[in-house]
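Following: one structure in structure tokens, then a few remarks.
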Amino acid sequence: MDHAADAHRTDLMTITRHVLNEQSRNPESRGDFTILLSHIVLGCKFVASAVNKAGLAQLIGLAGETNVQGEEQKKLDVLSNEVFVKALVSSGRTCVLVSEEDEEATFVDPKLRGRYCVCFDPLDGSSNIDCGVSIGTIFGIYIIKDKDNVTLEDVLQPGKNMLAAGYCMYGSSCTLVLSTGTGVNGFTLDPSLGEFILTHPDIKIPKKGKIYSVNEGNAKNWDAPVAKFVEKCKYPKDGSPPRSLRYIGSMVADVHRTLLYGGVFLYPADEKNPNGKLRILYEVFPMSFLMEQAGGQSFTGKERALDLVPTKIHDRSPIFLGSYDDVEEIKALYAEQAKSSSASS
């Protein structure tokens, strides 16, 4: 037995240790946020284990109900939602929860309330479970001013007010990417220890990428700026090589690749979905927060994504996020369109 190697393994930067280090930098911190995050991490570990066993435990397949978004619910969606709701409520640090699976927000029993609001998609991309494609959990955390008199209005804040955001991807490995507002860090679950270990410290997205990620099946319904951008990706006129198209159809997996390798992920509005398809509170905001923290940017076609103010908890928005220069290119195309339409009117 290699005792020296084992001793070295105890000197790892786990997610708990990382969050405690962050906490110690804020002397006024009471540890509430650290406790909340540890409950989210526990939920992620539980879901990771369930995803790994899904085929064996007959958790795959439809649960026979349809969720509020009109998607048929998978058994794993239902399980993951229950896991996160229970983990968050039992932390004693939340007062209101918004889940993709639940039509209404969940207001926590006053005896168990804390000062945080968590918006989450318990299992994003779950229609991909059957074919083994990466899926994930996305979450965003806000602070609520008055936990005892919390209302839905307190939840409908712009993304720039977010305190922390992250996602956990269940794929070839289980990776948790987190930002508490001071950069982005990635942790990988070591199954032998049951701990998330820091494997991607201080993630920075390349300023410009070579990949674009979009569902080209919707091309006939796109507006002019999106069509022009994708055309430029495929047939560049400046002599540069064409960009590679990569589209998995699972937002967590597509955004994770974009974050690490650079490029741009887009889910634009189209004639079929005039407000886009992705939900603001638990898909657009957390991913936009992470992108900006990693040095990229995020845009809706009209404004910075984190400046949006949702009016309902399941509101949707178009989204363009990724490398700074690539999103800048899309912004220029929208500005050009706005200029020409105001000139013609």
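Restricting attention to region 222-253, the residues being in a helix (DSSP H, G or I) and not basic (Lys, Arg) number 11.
Could you go through region 187-197 and let me know if any residue there is under 17 Å from the mean Cα position of the chain (by Cα) and not assigned by the TED database to the domain that holds THR258. Within region 187-197, one or more residues are under 17 Å from the mean Cα position of the chain (by Cα) and not assigned by the TED database to the domain that holds THR258. Would you confirm whether any residue within region 274-292 is free of Cβ contacts under 8 Å to residues at least 40 places away in the same chain, in a loop (DSSP other than H, G, I, E, B) and farther than 16 Å from PRO206 by Cα? Yes. The residues listed here are CYS95, CYS117, CYS131; of these, the one that is out of contact with any strand residue (DSSP E or B) (no Cβ under 6 Å at 6 or more places or on another chain) and open to solvent by less than 10 Å² (accessible area, probe 1.4 Å) is CYS95. Looking across region 316-339, just one residue is open to solvent by 70 Å² or more (accessible area, probe 1.4 Å) and either in the same structural domain as ASP154 (by the TED database) or without any contact (Cβ under 8 Å) to a residue 24 or more places away in the chain (or both), and that is LYS339.
The residues of region 1-20 that are open to solvent by 60 Å² or more (accessible area, probe 1.4 Å) and at pLDDT 75 or above, listed by number, are ASP11, THR16, ARG17, LEU20. The residues listed here are ASN81, ASN52; of these, the one that is assigned to a helix (DSSP H, G or I), at pLDDT 80 or above and loosely packed, with under 14 Cβ neighbours inside 10 Å is ASN52.
In region 287-315, of all residues being among the hydrophobic types (A, V, I, L, M, F, W, C) and under 19 Å from VAL155 (Cα atoms), the one that is most open to solvent (accessible area, probe 1.4 Å) corresponds to VAL309.
Say whether the condition of being aromatic (Phe, Trp, Tyr) and open to solvent by less than 10 Å² (accessible area, probe 1.4 Å) is met by at least one residue in region 265-283. Yes, region 265-283 contains a residue that is aromatic (Phe, Trp, Tyr) and open to solvent by less than 10 Å² (accessible area, probe 1.4 Å).
The values are calculated or read from the model by the stated rules, or taken from the named source; none is laboratory data. Nothing here was measured: the structure is a model prediction, and the numbers come from that model. Cβ: placed from backbone, ideal geometry, glycine included. Neighbour counts: every protein chain shown. These accessible areas exclude ligands, DNA and RNA; they are computed on the full protein's heavy atoms, side chains included. Shrake-Rupley method; radii C 1.70, N 1.55, O 1.52, S 1.80 Å.
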